[in-house]
Amino acid sequence: MTNESVCEWYTGRSVFITGGTGYMGKVLIEKLLRDCGGIKTIYVLCRPKKGFSPTARIEQIRKLAVFERVRTEFPDRLKKIKAMEGDLGLPGLGLSSENKSILVDEVSIVFNGAASLRLESGLKDAIRQNTTGTKHVLDLAVEMKNLASFVHLSTAFCHCEYDTLEETIYPSPANPEDVMRAVEWMDDHTLETITPRLLGPHPNCYTYSKRLAESLVSEYANRIPISVARPSIVTPSFKDPVPGWVDSLNGPVGVIVAGGKGVIRSMLCSPDFEAEVVPVDIAINALVLIAWKRTTIDNTIDDMVPCYNISKGDIVRLTWGEVLAKGKRYAYEYPFDAGLWYPNGSIRTNKFVHYFIVFMLQVIPAYLIDGIMILARQKTFMVRVQKRIAVGMDVLQYFTMRGWNFKIENTKALINNLNEEDRKKFFIQNTEIDVEKYMIQVLLGARQYCMKEPLANLDRARFHLKLQYWLNLVTQLVFGVLLLWLFVRAFDSFKYLLDSTTNSFTNVPIIGSLIPK
């Protein structure tokens, strides 16, 4: 038990983070460095990538825009980030004996946020990264001598057959140990054959593997102080480190960018369902508080795992229709550079109409553009882009065509015993949220941080948007005239055919006498 403030509790402690190089991981590191300055060391599990060593990758991360405030206000704190070379998919996380000893001896807080976020991944990859990887982290945590809190990042959609999701661990559809063993010895063909049966109600292997990981976590409840955090769809930052910060095109941001550039013309989405989203900084604030909160819970009561659904819940009422309508309106005020076409796509609930629009206005133009690129002896790209969009949209539409009710009472209660300073630093629902302003921040954030388009280019982008508007209007008029001409020609041909047929029948005995002259 502790009566310390959140910042005091973190002082002098070392943290181990998996997934620290990902979107949420970077925001978590920045938050700990900036608002929990007394933290001792932040160890980040990191593997070599694209010729860069783990140390070099961490050095690159320190230079990102997300750490601008820390670089300016507390530059020395960036030295507290230490790379731990390893791999989530390897036994023992692939750590050297020296690095393992450091973590076992020094770490008292673990944030297990690493996961394969590719929703289209196969079962073997998803289980290895999201379920087996979690087991490797749990096994390491059991050995940690001073472990005070272990926070496992799950997802609010890992129990997708429940319309109402309570803050509790649900029964597992299978024994995670059995599934982990099966994916290792089964060949790919057999695994692909049984995957639909294993998934059951799950739309993809990601949510299924995360559900198994939750079940695995619950088995360690009597061995380590553990909590489960379930963020919903994570969106750009609301306030920290800067409004609108984002560096990932996953989820709604990818849709906003593709729609704003005129690449997406139609999306399957029910406008009346609540948009279960959460800004990344609010989600990270909750994670920081969850780790602290675990020390106030008596481990001897039972083996229940504290669970926290992190979403907007009943704090803000916002539907997908409102989100997309506002986003479309502001996309005209703050357009992206170099759009492919005028951004006037729409959401639909009719699958037939949706796929017809996609075929006519996305697939066919993609092949035409690539054909022109081939004639010009340039590298093709549009068909490849449309295929990637198709995969992403097929996965995303499951979440935009259904409604959920996420209970967030545990999450809202995180701030109950905080002092005023901590309430301001780790804001969750005690924030005045201006949805209109936030939508603008999201657009500008995607523009600056994902697409690397400076705000100084906005006037030029607005001029190009006007040109695209008139080009789109002229194209629609030409297309309309063409359709009208084709209709008239088809009508004339039909009339000629009818007249010819009638003349032929007048020469037939008996039948000809029945036809009026």
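The values are calculated or read from the model by the stated rules, or taken from the named source; none is laboratory data. What you see is a predicted model, and the numbers here were worked out from it, not measured in a lab. As a convention, Cβ positions derive from the backbone with ideal geometry for all residues, glycine included, and neighbour counts pool all protein chains shown. Just the protein is used for accessible areas: all its heavy atoms, side chains included, with ligands, DNA and RNA removed. Shrake-Rupley method; radii C 1.70, N 1.55, O 1.52, S 1.80 Å.
Among the listed pairs 239/328; 80/239; 63/135, those with a Cα-Cα distance over 30 Å are 63/135. Could you tell me what percent of the DSSP beta bridges with both partners in the chain are antiparallel, to the nearest 5? The answer is about 5 percent antiparallel.
Considering helices alone, the calculated mean residue ellipticity of the chain at 222 nm is -14500 deg cm²/dmol, with DSSP H runs of length four and up weighted by -39500 (n - 2.57) and normalised per residue.
Residues whose amide H comes within less than 5 Å of that of residue 273, counting only those at least five positions distant or on another chain, are 320, 321 (H built at 1.01 Å from N in the peptide plane).
The 1.4 Å probe gives accessible areas that order 96, 227, largest first, as 96, 227. Can you pick out the pairs among 326/424; 82/437; 31/210 whose Cα atoms lie more than 31 Å from each other? Going by Cα-Cα distance, 82/437 fall outside the 31 Å limit. Any idea how far the Cα center of segment 173-205 sits from the one of segment 1-56, in Å? Taking the Cα centre of each part, segment 173-205 and segment 1-56 sit 33 Å apart.
A DSSP coil position with no more than 15 other Cβ atoms inside 10 Å describes the following trypsin sites (Lys or Arg not before Pro) in segment 26-91: 40, 50, 63. Give me the base-10 log of I(q)/I(0) for segment 297-438 at each q in 0.16, 0.21, 0.22 Å⁻¹, Debye formula, one uniform scatterer per Cα, rounded to two decimals. Summing over Cα pairs of segment 297-438 leads to -1.06, -1.40, -1.45. Annotation: lysines with alpha-carbon distance below 17 angstrom to residue 407 (same-chain offsets under eight excluded): 312. How much net charge surrounds residue 235 when only the other residues with a Cβ under 12 Å from the Cβ of residue 235 are counted, with Lys and Arg +1 and Asp and Glu -1? For residues surrounding residue 235, the net value is -1. Shape class of segment 161-206 from the Cα gyration tensor (axes a ≥ b ≥ c, square roots of the eigenvalues): oblate, since a/c reaches 1.5 or more and a/b does not exceed b/c. What separates the Cα centres of segment 335-386 and segment 409-475 is a distance of 26 Å. When the Cα gyration tensor is reduced to axis lengths a ≥ b ≥ c, the ratio a/c is 1.5 or higher for segment 165-257, and with a/b not above b/c it is classed as oblate. Across segment 181-195, rounded Karplus estimates of 3J(HN,Hα) from the backbone phi angles (6.51 cos²θ - 1.76 cosθ + 1.60, θ = phi - 60°) give 5, 4, 5, 7, 9, 6, 6, 4, 5, 4, 5, 5, 5, 8, 4 Hz, Gly and Pro being marked x.
Take every Cα pair under 8 Å whose residues are at least 6 apart in sequence, average their separation, divide by the length of segment 309-409, and the relative contact order is 43 percent. Mean sequence separation of contacting Cα pairs (under 8 Å, at least six apart), scaled by the length of segment 188-283, corresponds to a relative contact order of 30 percent. When you filter the trypsin sites (Lys or Arg not before Pro) in segment 298-381 for DSSP loop state and at most 14 other Cβ atoms inside 10 Å of their Cβ, you are left with 317, 377, 379. Take every pair of alpha-carbon atoms less than 8 Å apart whose residues are at least six positions apart; their mean separation over the length of the chain yields a relative contact order of 16 percent. Scalar couplings 3J(HN,Hα) for segment 330-337, obtained by applying the Karplus form with A = 6.51, B = -1.76, C = 1.60 to θ = phi - 60°, are 6, 5, 6, 7, 10, x, 7, 6 Hz; x denotes Gly and Pro.
Please label the shape of the chain as rounded, prolate or oblate, based on the square roots a ≥ b ≥ c of the eigenvalues of the alpha-carbon gyration tensor (a/c under 1.5 means rounded; beyond that, a/b larger than b/c means prolate, else oblate). Verdict is prolate for the chain. Annotation for segment 263-293 versus segment 82-152: alpha-carbon center distance of 25 Å. For the chain, the longest principal axis of the alpha carbon atoms and the long axis of helix 364-375 meet at an angle near 90°.
Once backbone amide H atoms are built at 1.01 Å from N, residue 266 has 346 as its partners under 5 Å, excluding neighbours fewer than 5 places away on the same chain. Ordered by residue, what ³J(HN,Hα) values in Hz, to whole numbers, does segment 274-281 give under the Karplus form 6.51 cos²θ - 1.76 cosθ + 1.60, where θ = phi - 60° and Gly and Pro are x? Result, ordered by residue: 5, 7, 7, 10, 8, x, 4, 6 Hz.
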